[in-house]
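**Student:** Have a look at this one before I ask anything.
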Amino acid sequence: RKEVEQDPGPFNVPEGATVAFNCTYSNSASQSFFWYRQDCRKEPKLLMSVYSSGNEDGRFTAQLNRASQYISLLIRDSKLSDSATYLCVVNPEGFQKLVFGTGTRLLVSP
Amino acid sequence: EAGVVQSPRYKIIEKKQPVAFWCNPISGHNTLYWYRQNLGQGPELLIRYENEEAVDDSQLPKDRFSAERLKGVDSTLKIQPAELGDSAVYLCASSGQGAVFGYTFGSGTRLTVV
């Protein structure tokens, strides 16, 4: 089983739509969680950290469910500029490294 | 603050040739990572340095890959000889606080082996 699993998509949505991505992780003792965004032919960039209490940054909301080992990202009012690959990322306990999922590709159309 | 700097941005080589990638981390960051990202996949860790010491190189194919981090600052990743399957993007990242708060990547080196 992969350490971090995501649906690769692509998710094709119209502008203004709400879209949600999910991710599961295998190490129950993982201690920190992130969503990274990667544009085509660019490096991954930190989008937001994910906290147990849930956190929001503008149109983006991230949730963590430790009991189910599940992470989600919700994007409201999608913009064309949101088109990218969204990588689910986990820091396994005891390891000073990040483990990346394969990414979920989002395509927002006019 | 300057970000993580990598060079070259692109490299095309013939198989069996050697190749080297260079990374300059963010100033003061003691942890440096090399990742490889294949097309359609997420980045995968090759090696992690704490200062000049390689503390996690379990995923580095040691028969052909080598890395060094002189004086705990710049790092070089080398492949010799390169194989067709080594075509990928090689990403360098650095952190001043381990991985707990995430880290910053350089723009990567896109390697094509022909």
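**Student:** At least 3 residues that are within 15 Å of B:TRP22 (Cβ to Cβ), of a type outside the set (Ser, Thr, Tyr) and more than 13 Å from the chain's Cα centre (by Cα) in each: list the strands (runs of 3 or more DSSP E) lying fully within the range B:60-114 that qualify.
**Tutor:** Of the strands (runs of 3 or more DSSP E) lying wholly inside the range B:60-114, none has at least 3 residues that are within 15 Å of B:TRP22 (Cβ to Cβ), of a type outside the set (Ser, Thr, Tyr) and more than 13 Å from the chain's Cα centre (by Cα).
**Student:** Hey, another quick one. Please go through the range B:72-110 and give me each residue that is modelled with pLDDT of 95 or more, facing chain A (nearest Cβ under 7 Å) and either surrounded by fewer than 20 Cβ atoms within 10 Å (Cβ to Cβ) or in contact with a Leu (Cβ under 6 Å, 6 or more places away or on another chain) (or both), ordered by number.
**Tutor:** B:PHE105, B:SER107, B:GLY108
**Student:** A follow-up question, please. Given (1) within 14 Å of chain B (Cβ to nearest Cβ); (2) out of contact with any Gly (no Cβ under 8 Å at 6 or more places or on another chain); (3) in a strand (DSSP E or B), where does A:LYS97 come up short, assuming only one miss?
**Tutor:** So the condition that A:LYS97 fails would be (3).
**Student:** Could you please let me know if B:TYR49 is part of a strand (DSSP E or B), among the aromatic types (Phe, Trp, Tyr) and closer than 19 Å to B:SER107 by Cβ?
**Tutor:** So B:TYR49 does not fit the description; no.
**Student:** Looking at the range A:40-69, which of its residues are surrounded by fewer than 19 Cβ atoms within 10 Å (Cβ to Cβ) and either in contact with a Pro (Cβ under 8 Å, 6 or more places away or on another chain) or of a type in the set (Gly, Ala, Ser) (or both)?
**Tutor:** A:SER49, A:SER52, A:SER53, A:GLY54, A:GLY58, A:ALA67, A:SER68
**Student:** Can you spot a residue in the range A:33-54 that is part of a strand (DSSP E or B), more than 10 Å from the chain's Cα centre (by Cα), polar (S, T, N, Q) and modelled with pLDDT of 95 or more?
**Tutor:** yes
The values are calculated or read from the model by the stated rules, or taken from the named source; none is laboratory data. Since the structure is predicted, the reported quantities are computational estimates derived from the model, not experimental observations. When we count neighbours, we look across all protein chains shown, and the Cβ atoms used for this are built from the backbone with ideal geometry, even at glycine.
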